[in-house]
Amino acid sequence: MIHAEVRDGTLVVSHEPWTRLFVRRSRTVVPLAAIREVRPERAPLGVARGPRSGLVVSGFLKVGFWAGLDGVRRLVAADRTPGLRIVLSHRIDGVDELVLSLDEADRLQTRLPGAASGATSRSPGA
C-alpha cells in the first residue's frame, strides 16, 4: 500500500497508484525535524475515527484523511498490519499525523526522531 524510507533528512512515504485517489498525492515528504513523536500501533485501523474523506473497508482497510473531533487531521494508510503513528510538530501539507501500516515498522521507527521507547500502543481495532 505504501513504502516509507528516510532519505536526505526527510521521511518519504510513497503511495501505491491505487491509494493516490484517496490521499490525493503520490508521496508525502516530512522533514525529520518536524516529527514530534513516533508510536508503534498494533491496530492502526482504530486510530482513524471521525469525519473522513477516503476509503473504508470495515475491519480491513482505511486510506485517506480523517479529522478527529480534537481538530487533528490524519493521513491514514492502514490495514490489519501493525504500523506507526507519526505525530508532527506542526501541520505539513494539511496533515498533523500520519497513521501507516508498514511491513518493517520497527526498522523505520529506529530511524525516526521522537520514537517512543515504551510498549506498543493498545489501540482497539476498527
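Looking across segment 65-84, just one residue is within 10 Å of GLY50 (Cα to Cα), in contact with a Lys or Arg (Cβ under 6 Å, 6 or more places away or on another chain) and of a type outside the set (Phe, Trp, Tyr), and that is ALA67. Residues in segment 67-103 that are over 24 Å from PRO113 (Cβ atoms) and not in a loop (DSSP other than H, G, I, E, B): ALA67, ASP79.
Residues in segment 10-56 that are part of a strand (DSSP E or B) and hydroxyl-bearing (Ser, Thr, Tyr): THR10, SER14, THR28, SER53.
Being at positive phi and surrounded by 19 or more Cβ atoms within 10 Å (Cβ to Cβ) narrows it down to one residue among GLY83, GLY64; which is it? Let's see the steps before the verdict.
Values: GLY83 fails: at positive phi.
Exactly one of GLY83, GLY64 is at positive phi and surrounded by 19 or more Cβ atoms within 10 Å (Cβ to Cβ), namely GLY64.
The test for being within 20 Å of ARG25 (Cβ to Cβ), modelled with pLDDT of 95 or more, within 13 Å of the chain's Cα centre (by Cα) and crowded, with 17+ Cβ neighbours inside 10 Å does not hold for ALA48. In the condition set (1) within 15 Å of LEU112 (Cβ to Cβ); (2) of a type outside the set (Val, Ile, Thr); (3) over 15 Å from the mean Cα position of the chain (by Cα), PRO17 is compliant with all but (1).
Within segment 44-66, residues that are within 19 Å of ILE86 (Cα to Cα) reach partners that are surrounded by fewer than 17 Cβ atoms within 10 Å (Cβ to Cβ) and polar (S, T, N, Q) with beta carbons closer than 8 Å, at six or more positions or on different chains, in the pairs PRO44/THR81; GLY64/SER53; PHE65/SER53.
Counting only residues that are within 15 Å of the chain's Cα centre (by Cα) and under 18 Å from ARG20 (Cα atoms), segment 57-93 holds 15 of them.
When each of THR19, THR10 is tested for being within 14 Å of ILE92 (Cβ to Cβ) and touching a strand residue (DSSP E or B) at 6+ places or on another chain (Cβ under 9 Å), the lone residue that passes is THR10.
The values are calculated or read from the model by the stated rules, or taken from the named source; none is laboratory data. Values in this document were obtained by computation on a predicted structure and should not be read as measured data. Cβ coordinates were reconstructed from backbone atoms using ideal geometry, including for glycine residues, and neighbour counts include every protein chain displayed.
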